[in-house]
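The values are calculated or read from the model by the stated rules, or taken from the named source; none is laboratory data. Owing to the predicted nature of the structure, the values given are computational and were not obtained by experimental measurement. Glycine gets a Cβ as well: all are built from the backbone with ideal geometry, and neighbour counts include every protein chain shown.
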Amino acid sequence: MWRVATRFCGLNKGRANLGKILGQETFNNRTKGTFPMKEVRNKLRDIVGISTHWSDHVKTMEERKLLHSLLPKNQKDLPPKRMKDSYLEVILPLGTQPLLREKYLTVFNSVRFGRILEDLDSLGVLICYTHTKMDSVQMSPFSIVTALVDKIDLCKKVISPECDIKFTGHVSWVGKTSMEVKMHMCQLHDTVYHPVLDATFVMVARDSENKGPAFINPLILESPEEEELFKQGELNKGKRIVSSTASLLKMAPTTEERNAVHDMFLNTLDPRSISFQSRILPPDSVWMEDTKLKSLHICHPEERNIFNRIFGGFLMRKAFELGWATACNFVGTRPFLVAVDDIMFQSPVEIGSLLFLSSQVCFTEKNHIQVRVHSEVSFPGSKEHKTTNVFHFTFFVEKDVPLVIPKTYGDSMLYLDGQRHFMSTMHQKTVGKNIIQ
Ligand SMILES: CCCCCCCCCC(=O)SCCNC(=O)CCNC(=O)[C@H](O)C(C)(C)COP(=O)(O)OP(=O)(O)OC[C@H]1O[C@@H](n2cnc3c(N)ncnc32)[C@H](O)[C@@H]1OP(=O)(O)O
């Protein structure tokens, strides 16, 4: 089973530059057991060999080039791994370390969810490095990036900043170069850990320079439960293909959706004027375009990930906080997060880019608000803008909220897309579990 890893080590004998990259201590030893969250990033830095100073980043990337020869030519060349091989358990000691609490604290005395998104992203990547680890190789030849946050489902309304948090997770499905990771977060109350959220991420393995795909280890399934998890991963992949094919960017809305949009349009026509142009806002409604909030961030080296691009968790934190502010501004009261879904990382964000985030409420129902945040980048000096992500957040508030009404055809498509995300989230909640106060 370990034949391939041994062959890689053999390949490197006598290579002076690789000598310092290969070490006696495997990162297997360094990732097992329960360890604190701050160690996750340190371990990732070690595994990838990131420069601690930005001024060294070109040299570090040159060194990583040398690892290319360690990558397998075929998935079959890699030893299969068990789900438990990638299982990690990490503690965020908010209860015992008041100084750490400051970084996670909101003014409502709850935990900043944006910080949790960063932690989940880093942990998900470390889990994948644990799955793809090669014995006796200190630095990994893989560049593992976040491709998708498939779903984060919360079952707790408020996360306390005064109690320890435990994260667990493992690889639950693998393709040829992509891996699905399932993570769970729970919080210690009265000596018992209570569930807070479940998260499913998809990570993709790339070569040592993050320029092309890289094969990853297959999975061995050891129990009916693991077979079920793997089957779920296959189903998730199938669902993503179906929803991408039926995307409103490619296909017309369904008859039911078209009728709903037309009814909404008719509902906004001024009955006193025989015109398609005279629009009036129905009672208890807001034009969708009036719910927009925007922000701009300069992507400084401080926010870089281990591959000298902008850290996905940072992008999620910024998008979440703008999305939360959009919901708050819309309804005038504190919104609570219910779910995050389908955050696709379409393109990496380069250091030095200008990051434009644009957020709006795109659907509401009773006391729920669906917010969409669109992220695009440009490089200083260039007028060209490129979409990098679209984020979807579902919030609830403690009162009924106004309807949002699309004015243009484009807004109507955003409305229908928001409705689809909302329906899918609420359907899973109904078949899953309810929010625990
Ligand atoms: C300093 C300490 C900081 C520590 C932080 C550590 C954490 C670092 C993690 C990050 O921050 S990563 C940064 C955020 N993510 C990105 O910037 C990724 C940007 N996106 C990309 O680079 C590409 O879109 C991506 C590599 C994800 C996919 O590229 P391609 O579209 O060319 O992929 P390709 O068609 O070759 O497909 C490769 C695999 O990915 C899968 N895939 C691609 N996009 C996907 C998607 N959206 N959802 C699910 N799977 C996807 C695809 O099915 C396939 O799987 P299999 O090989 O297993 O069949």
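None of 172, 178 is assigned by the TED database to the domain that holds residue 78, small (Gly, Ala, Ser) and out of contact with any Ser or Thr (no Cβ under 9 Å at 6 or more places or on another chain) except 178.
Would you check which residues across segment 339-366 are within 16 Å of the ligand (Cβ to nearest atom), small (Gly, Ala, Ser) and crowded, with 21+ Cβ neighbours inside 10 Å and list them? Scanning segment 339-366 gives a single hit, 353. Filtering segment 375-397 to residues that are more than 14 Å from the ligand (Cβ to nearest atom), of a type in the set (Gly, Ala, Ser) and surrounded by 13 or more Cβ atoms within 10 Å (Cβ to Cβ) leaves only 378. Scanning segment 244-296 for residues that are assigned to a helix (DSSP H, G or I), at pLDDT 90 or above and not hydrophobic (A, V, I, L, M, F, W, C) turns up 255, 256, 257, 258, 259, 262, 263, 267, 289, 290, 291. Checked against the criterion of being surrounded by fewer than 18 Cβ atoms within 10 Å (Cβ to Cβ), touching a residue at least 24 places away in the same chain (Cβ under 8 Å), within 16 Å of the ligand (Cβ to nearest atom) and not assigned by the TED database to the domain that holds residue 388, the candidates 195, 213 yield just one match: 213.
For every residue, the table says whether it meets (1) more than 18 Å from the chain's Cα centre (by Cα); (2) not polar (S, T, N, Q).
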site: 214; (1), (2): yes, yes
site: 217; (1), (2): yes, no
site: 233; (1), (2): no, yes
site: 237; (1), (2): no, yes
site: 260; (1), (2): yes, yes
site: 279; (1), (2): yes, yes
site: 304; (1), (2): no, yes
site: 311; (1), (2): no, yes
site: 320; (1), (2): no, yes
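Does segment 154-163 contain at least one residue that is of a type in the set (Asp, Glu), surrounded by fewer than 22 Cβ atoms within 10 Å (Cβ to Cβ) and not assigned by the TED database to the domain that holds residue 308? Looking for residues that are of a type in the set (Asp, Glu), surrounded by fewer than 22 Cβ atoms within 10 Å (Cβ to Cβ) and not assigned by the TED database to the domain that holds residue 308, one finds at least one in segment 154-163, hence yes.
Contact map, segment 301-321: residues that are under 12 Å from residue 348 (Cα atoms) paired with residues that are near the ligand (Cβ under 6 Å from one of its atoms) and hydroxyl-bearing (Ser, Thr, Tyr), Cβ distance under 6 Å, separation 6+ or inter-chain. Pairs shown: 312/146. Just name the residue that is nearest to the chain's Cα centre (by Cα) out of those in segment 130-169 that are assigned to a strand (DSSP E or B) and more than 16 Å from the ligand (Cβ to nearest atom). Out of the qualifying residues, it is 153.
Among residues of segment 39-60 that are on the phi > 0 side of the Ramachandran plot, those with a Cβ under 7 angstrom from a residue that is surrounded by 12 or more Cβ atoms within 10 Å (Cβ to Cβ), sequence gap 6+ or separate chain, pair up as 49/60; 49/63; 49/64; 49/139. Scanning segment 170-192 for residues that are away from the ligand (no atom under 14 Å from the Cβ) and assigned to a strand (DSSP E or B) turns up 170, 182, 184, 185, 186, 187, 188, 189, 192.
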